[in-house]
1. Which chymotrypsin sites (Phe, Trp or Tyr not before Pro) in segment 298-353 sit in a loop by DSSP (not H, G, I, E or B) and have at most 12 other Cβ atoms within 10 Å of their own Cβ?
2. Explain nothing, just the number: dipole magnitude of the chain about its Cα centre with +1 on each Lys and Arg Cβ and -1 on each Asp and Glu Cβ, in debye rounded to the nearest 20.
3. Based on Cβ point charges of +1 for Lys and Arg and -1 for Asp and Glu, what charge dipole magnitude is obtained for segment 90-223 about its Cα centre, in debye rounded to the nearest 20?
4. On a straight-distance basis, which lysines could pair with Lys190 in a cross-link, Cα separation under 17 angstrom, same-chain partners fewer than 8 positions away excluded?
5. Give the residue list of chymotrypsin sites (Phe, Trp or Tyr not before Pro) in segment 36-132 that are DSSP loop and have at most 11 other beta-carbon atoms within 10 angstrom.
6. Expressed as cubic angstrom per residue, what is the convex hull volume of the alpha carbon set of the chain?
7. What distance in nm lies between label points placed 7 Å from Cα along the C-beta direction at Asp335 and Ala58?
8. Ranked from highest to lowest mean number of other Cβ atoms within 10 Å per residue, what is the order of the peptides 143-156, 224-237?
Amino acid sequence: MFELHHLSAHEQYDWLRRGDVSVRELTDHYLERVERIDASVGSFVTVTADLARARADALDREGSTAAPLWGLPLADKDLVDRRGVPTWAGSRLSRGRVAETSSPIVDALDTAGTVSLGKTATPEFGLTAYTESLIGRSTSTPYDPSLNAGGSSGGSAAAVAAGLVPFAPGSDGGGSIRIPASATGLVGLKPSRGRVPTQSGLTSLGGLAVGGPLARTVADAGMLLDAMVSPDSRPPRDLYAVRAAPSEEFSYLAAAVRGEGRFRIATTTTSPWDDTFDIGLDPSVLAAMSLTMEHLAAVGHEVEPDGVRVPVADYGRLFTVLWKAGASTIPAFGDDLDLLEPITRWLVLQGRALSAFDLASALAGLTAYERAVIDAFSGFDAVLTPTLALPPRPNGWYDAVDAERNFEQQCQYAPFTSFVNVAGLPAISLPVHEVDGLPVGVQLIGRPGREDVLLAIGAQLERRLKWQRRHPPQW
């Protein structure tokens, strides 16, 4: 039986604009699904049903506008503030703090015409590759309630995959969009540093964390990215003098819909953590790589197996210093440190023990590493890697006591994502395969500022593999 959530976000937008469905009807449809289904998924931490219905009614009274996402529901990741709504950030330390103002990305998506249904789950301060915290439920991939959705945008990804919202914005400082995208069978795009004005990465330590879309289709990802870059459909208003190189296509939706081009693509299964930890690839991951290479070649791309190696250098030590330094600013002191989870407390205390020389040396080393990656990849339009080394991990799999072991487990699970943040490059996770009922993603890394190329290649694979037809039981 047909239901509204069976439509893509782009199709829902067309229905709204034609008046085939009202904003309130679409909002109510998704709110009903959240109430009925989310107990088995754990994607939401706060549902703002009254605010969502009031917003929907206001948009219906206003009538259809040129806003690029007019009337479409989504949800805010619980690391960003929405005025009047609690922000837990996955931590007991926040104690349900109610935001007095909204974060810039929230204001931007409001300008784009969206309806927020609430806040989605994230691990404590978004620091881990899995979404579990002491303040609530674990967030599961909708494909198996015993397995984790990944992190840190796990709640957002699980909500999209389960059909609780049509798409969702995420943030990615070390893989936090791409990791849960792979674990939940979605398209997850990490833009270039500087691409999204309100989540550019330019204000974060080391330039790591940027905002990007999670969606079921490549076109929906392009549509949401367009709005994140330009909420009012005008030329983007850059907030900094430094930004990513402009794409040849202003509309990422157009690039995703057309899906044109033949490109030179290298593949690799090496990671910068190979010299630090024991990194092993699950057979399902290797199968997904082989399948993708086969279809890329069939489309007409020039595919070079093992065409590059990811630089290693001293990456593991340098990135660990930066991650600890970033955590050191979490405002927990004295007895409040006991409110933090062991992995967070370890990162905070380790970060505060670093010297200025330690941090300066790490930043200089990672800047050199960024140049090395861009140079190594410069001969190709895209580089294909696994998104994850392992299938989705069971809830409770990560060590809850030994923080160093926990950090190692995260790197063994997701060794291919963080170095892309260090390099500032765009990357997309695509749900190309399914093994034993679980989705398996691959990652395409692009040249600086060339999200359009990644979307075009993704669209070509989507036409052949038709992953938009795969759904979890909740669908």
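The values are calculated or read from the model by the stated rules, or taken from the named source; none is laboratory data. Bear in mind that the values here come from a model prediction, so they are computed numbers and not experimental data. Virtual Cβ from ideal backbone geometry, glycine too; neighbours counted across all protein chains shown. Ligands, DNA and RNA are stripped out before the accessible areas are found, and what is left, the full protein with its side chains, is counted by its heavy atoms. Shrake-Rupley method; radii C 1.70, N 1.55, O 1.52, S 1.80 Å.
1. Working: sites: Tyr315, Phe319, Trp323, Phe333, Trp346; in loops: Phe333.
Loop-located and lightly packed - Phe333.
2. On the way: 42 positive and 56 negative charges, 110 e Å.
Around 520 debye, computed over the chain.
3. Numbers: 10 positive and 8 negative charges, 31 e Å.
Around 140 debye, computed over segment 90-223.
4. Excluding near neighbours in sequence, the set is Lys77.
5. Numbers: sites: Phe44, Trp70, Trp88, Phe125, Tyr130; in loops: Trp70, Trp88, Tyr130.
Qualifying residues, ordered by number: none.
6. Details: hull volume 61.4 nm³, N = 475.
In the chain, the Cα convex hull volume per residue is 129 Å³.
7. Going by the 7 Å Cα→Cβ label model, 4.0 nm.
8. Averaged packing, sorted descending, gives the order 143-156, 224-237.
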